[in-house]
1. Taking the DSSP beta bridges in segment 526-639 as the whole, what percent of them are antiparallel, to the nearest 5?
2. Any lysines with Cα under 23 Å of the K97 Cα? List them, leaving off those in the same chain fewer than 8 positions away.
3. Assuming 0.36 nm per residue, please report the length gained on full extension of the stretch K114 to L468 beyond their Cα-Cα distance.
4. Explain nothing, just the number: dipole magnitude of segment 395-469 about its Cα centre with +1 on each Lys and Arg Cβ and -1 on each Asp and Glu Cβ, in debye rounded to the nearest 20.
5. Quick one: grab Rg to one decimal and Dmax as a whole number for segment 352-445, Cα atoms only, in Å.
6. Is the shape of segment 517-660 best called rounded, prolate or oblate, per the rule: a/c under 1.5 gives rounded, else a/b larger than b/c gives prolate, else oblate, with a ≥ b ≥ c the square roots of the Cα gyration tensor eigenvalues?
7. How about K367: which lysines have a C-alpha closer than 27 Å to its C-alpha, ignoring those fewer than 8 places off in the same chain?
8. Can you pull the one-decimal nm distance between simple spin-label points at E659 and D381, each 7 Å off the Cα toward Cβ?
Amino acid sequence: PPQKVSETYELLAEMQEACLQVMKPGKPAKAVYKAAVNFLQARDESLVKCLPKNVGFATGLDFRDSSFVLSAKNSASIREGMVFCLSVGFQNVELSKADRASCSEKSAVKKLDKYSLVISDMVRITNDAPDILTKMTKDRDDVAYRIKDDDEAGDDEEESDDDAPEAPKGDAQLARKLANEQSARGTRTSSRLARDAAATQDSAEGAAQREKKQIELMTRRNLDRVKELARKNRNKKDGDAEDQAAELETYKRSRDYPDPHPNQVKVDMQSQCLFLPISGVPVPFHISTIKNVVMPEVEGATLLRINFYTAGIALGKEAPSNMIKLVQKYAPYASFIREMTFRSLDGHNLTTAFRQISELRRRARAKEVREQEEADLVEQDKLVRTRNERVPRLSDLTMRPVVSARKTQGSLEAHTNGLRFTSLRNEVVDIMYANIKYAIFQPCESEIMVLVHFHLKNPIMIGKTKRLDVQFFTEVIDASQAVDNARRSMYDPDEMDDEQRERQLRKKLNTAFRDFCKKVDAVAKKNGHHLEFDVPYRDLGFTGNPHKEMVTIMPTLNCLVNLTETPFFVVDLDEVDHVHFERVTYMSKAFDIVLVNKDFNKPPWRVDMIPNEDKDSIQEWLTDMEITYTEGPMNLNWKQIINTVKDDDRFYMNTEEDELTEKEAGWEFLRMFGREDEDDNDDDEDDSEFGSDKNEEEEEEEEEEDFDSGVDEEDDESDFDADEDLDEEGMDWDEMEEQARQDDRKRRSEDGVEEVRKPKRGNNNNNKKQRRR
């Protein structure tokens, strides 16, 4: 638009702001119109006559309430809660010939003598500032755009803005300014496309602010982790006595030995002991000292070889933990028996001993695994059932993980101090309120189920397995539906009825689960327990692959979860020490994230194949949650990194053991570009000096190549393509053909024979000159 129209529009937007300032409870309606008149009298009195009779009206039951028109004579008072359509504008504003001079001859603006402008918004009256309900931008660059003529479309692509013809000053200068701004932002045709450039600029500014916050956050987190680890080390000294190895004892006295036959291998299943004859004397060995037992195949005899756990060799993952401690304890000064082999012509006894030893080792291993599973189990309180009151209840639920069968269905009840799930097979699972760390309610929107999930403080035994997450859900639709080959129309009444029933079922189940969560919360608070259900934030969700399957991962107030697919993915944010982004490059379409656990004895969590579009939102969320993150271009060996970090007592400190040599504290070594401090300036200077030397060497090499190129083309004929050299020198097509003609003439004059070459471009019908090697 012409410059005058743009200036008038900006004035109109300022006038609307002046009207909004007086739209407060208690003010008369005519005060709004008076504010517009006073604004124009102060800025441009010639536009007062262009004002309409009113600048808006109230809306409610009727679209236009005639008793609340914002005119110059209406004295009705504005009250809180009223909604107005504030419509300010100018009508029949004159547009002179000089104002239209910069427009194109084919433009419709050339024929205009007058123009009108209007800005309209829905406004709700509050005690504070009025609330604008139409959340749309009104900036001139966002509502104005430029349409090019057909004859100008091709010229704009080739000609620069500097070659534009001279035009009258004023509008032309403004047009050039806007065009240059658009070209700098990567667009030439429409100022609407400036939104994308502005969004990119905002994204870059947001990334810079996040990086600054991350540097400050990492410094603070390093200090907190140093204090936390110091407290853990002090508390760890109190538990050192509990980590002592227990001595093996099967018999208190030798007279308690059973009466084994001489020179025979005997197994005592009750005492978990093995008697082996050594020089005719039976010697007992505890079953936990045996690493493995084998029976080699030998003709004419039966062999039984028994290997023991000894110092100096790898004990293996299946070695009993107590045996590992005993080997480490006695390794400095004790002698160990590595293996013993027994031979017998009658293999019956050795075969029986082999079978019994294998069975006894299996039982001992199962017992140790069970003890390890139950070692960190905390004894739960007994459930106190609610009497003489109505108990909140949800029926027809499915529990995950299952208790024993393929599918565990039943009902969930809320009692005085916990929840009780009773299956159809009368299997009972109790969950105490005091043991619930996080309770999550996920309504059914795009999924096939509505669920409640409990992440526990201490694991409980479900069946024979220790579980930390328990979930109860109801499917809205079947996960798999049988369909026939017939194609159904979108207007099929049966299909529409099914969709309607599905929507109603979703709404009904969401309401039932939401009401149950509120009742459970009330029951828990009534009995002195704190329980609050979180709902995942769907707008912050992203797709990823945590367990060999692409799923939707959503954050909650305290966790990062995926609850619809098994195994569950639940990451407690309080246990996350650091987050690292892997495969962050301009070439890849997806990246991975690694969430490092504060307990370095546990492996980090991984989420793979996250789309690049979600990177900024994830980093913004992590910054809001005060979790540090870094990014890098490749995947790292986290097992090796964690082992290195675990052994470094000064990992979170910024100095070495001498407390003078500075180093990167914590996870700063994973930064792709390092810290933004004063040291970067020195590095840049060094890099620039090195780069200048390199550029000089490259220029000298290029000059030598240019000098020798002509000689190489004439004297020796090799696999080197002269066309590539010409392309690199920047020659156009005509110069390349002229160079080819000169080469042909020189070659014919030297050899005296005209050589025919196959064309490298084109076909036989092409009349252009053929280039030669």
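All of the numbers you see were taken from the coordinates with simple rules; none came from a lab. All figures in this text were calculated on a predicted structure; none of them were measured in a lab. Don't worry about glycine lacking a Cβ; one is built from the backbone with ideal geometry, like all the others, and counts go over all protein chains shown.
1. Around 90 percent antiparallel, to the nearest 5.
2. K4, K49, K106, K110, K111, K114, K148, K169, K177
3. 120.0 nm
4. The dipole of segment 395-469 has a size of about 420 debye.
5. Expressed in Å, the Cα Rg and Dmax of segment 352-445 come to 19.2, 63.
6. Oblate.
7. K252, K266, K291, K317, K325, K329, K382, K457, K464, K466, K602
8. 4.8 nm
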